[in-house]
Amino acid sequence: MLLQINPTLNNISEKCKVVFFQQAPKTANFSNIISYIEKEISNDRYINYYTYKNFLNAFNSNINHTLNKREFIKSEIKSINTIITQTLNTITNRIEIQKTIYDLILINKDRTEVIQQQFSHKYFNQKYIDCFIKILFAYDLIKYLCFLEGEPLKNIKPPQKQLTFKDLFEHPYNSDKKINEFKELLRNSGYINDSYSWEGITKNKNELAILYYYLKSLPGIIISGDDEPQIIAFYKEFGRVVYKDSKDKGTNGYCTIRGLKNPKHKETKEISTQKFSIWVK
């Protein structure tokens with residue numbers, strides 16, 4: 001794909017010359033040409049990935065899965081420098097151009113300001129439009145390089161550990177023996193089926209949440225912490241997906257977390273207390 005960058009940019013350059021400098025020169029203003037170039041790049045399957053946003057998303061996705069973060073960053077720097085060099089290699093003062101863009105990115109100058117003020121006077125014409133397009137394309141590459149060389153590990157948050165059902169319980173209730181006893185009590189009471197999926201006794205979707213709150217109200221059973229991720233893990237163990245917002249429901253959503261906070265069904269709470277008090281002794 002790397003080999004396709006310059007031929008693709010050259011092709012965009014030729015089309016740009018025809019559209020703006022030959023067919024409709026009166027429309028050849030900065031805004032129109034920038035919009036045209038951006039559209040051509042975004043529509044091209046070979047080079048539309050090469051944006052700062054895409055690079056950053058890929059970095060954030062991969063950094064926590066690599067075995068050696070520092071070596072990963074070194075590899076990214078080497079790779080992006082290669083792409084920048086190949087993109088600008090036909091421009092005689094490419095090193096100076098790269099440094100100018102890099103330095104201006106460091107002080108938070110946006111792309112339009114940088115390209116227009118620094119390069120349009122020389123390259124924004126029919127003769128050098130190919131160079132202009134390559135500089136415009138290289139801007140996001142250089143911005144990503146700037147990010148990589150700015151100690152990005154300082155801003156990386158380690159992925160949060162997903163709570164499991166067992167994680168919710170204090171010792172000795174987190175032992176396999178106590179967990180199995182709890183599930184058998186649920187199954188024998190008709191709350192879950194033989195596949196350990198939640199069925200419930202009532203039609204209330206917060207029935208399982210009431211059981212969670214009952215157990216958490218007792219000392220030394222449920223760990224301290226935010227109820228939301230704990231309830232989600234509690235429901236997940238029995239095949240029920242709790243979603244944070246109705247727009248995130250998807251096809252397997254059971255109920256929203258909002259409906260599971262502070263349940264008030266007295267009858268269900270009394271049933272939970274009667275049936276499960278034996279397990280907590």
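A few comments on the model shown:
- Neighbourhood net charge (12 Å Cβ-Cβ; Lys/Arg +1, Asp/Glu -1) for Glu237: +3
- Stretched out straight at 0.36 nm per residue, the stretch from Thr92 to Glu149 would grow longer than its current Cα-Cα span by 18.0 nm.
- Applied to segment 12-17, the Karplus parametrisation 6.51 cos²θ - 1.76 cosθ + 1.60 on θ = phi - 60° returns per-residue 3J(HN,Hα) values of 4, 4, 5, 5, 5, 4 Hz, with x for Gly and Pro.
- Approximating the spin labels as points 7 Å out from Cα along Cα→Cβ, the Ala24-to-Lys236 distance works out to 5.3 nm.
- Excluding same-chain neighbours fewer than eight residues apart, the aspartates and glutamates reachable from Lys69 by a Cα-Cα span under 17 Å are Glu149, Glu151.
- Between Lys281 and Asn32, the contour length at 0.36 nm per residue exceeds the alpha carbon distance by 82.1 nm.
- Fewest-first ordering of Asp140, Asp226 by other beta carbons within 10 Å of each residue's beta carbon gives Asp226, Asp140.
- Pairwise Cα distances in the chain exceed 34 Å for 49 percent of all pairs.
- Cross-link pairs beyond the 27 Å C-alpha cut-off, checked among Lys78/Lys134; Lys78/Lys127; Lys161/Lys203; Lys53/Lys154: Lys78/Lys127; Lys161/Lys203
- Calculated FRET efficiency, Lys15 to Ser75, Cβ-Cβ distance, R0 = 45 Å: about 0.85 to the nearest 0.05.
- Distance between the pseudo-spin-label points of Tyr49 and Thr256 (7 Å out from Cα toward the beta carbon): 3.8 nm.
- Restricting the calculation to Cα atoms, segment 26-182 shows an Rg/Rh of 1.23 when the hydrodynamic-style radius is the Kirkwood one.
- Computed from label points 7 Å out along Cα-Cβ, the spacing between Ile63 and Asp110 is 2.5 nm.
- Electrostatic dipole magnitude of the chain [Cβ: Lys, Arg +1; Asp, Glu -1; Cα centre; debye, to 20]: 240 debye
Each reported figure results from applying straightforward, stated rules to the coordinates on display, with no laboratory input. These figures come from a predicted structure and were not determined experimentally. Reconstructed Cβ throughout: ideal geometry from the backbone, glycine too, with neighbour counts over all protein chains shown.
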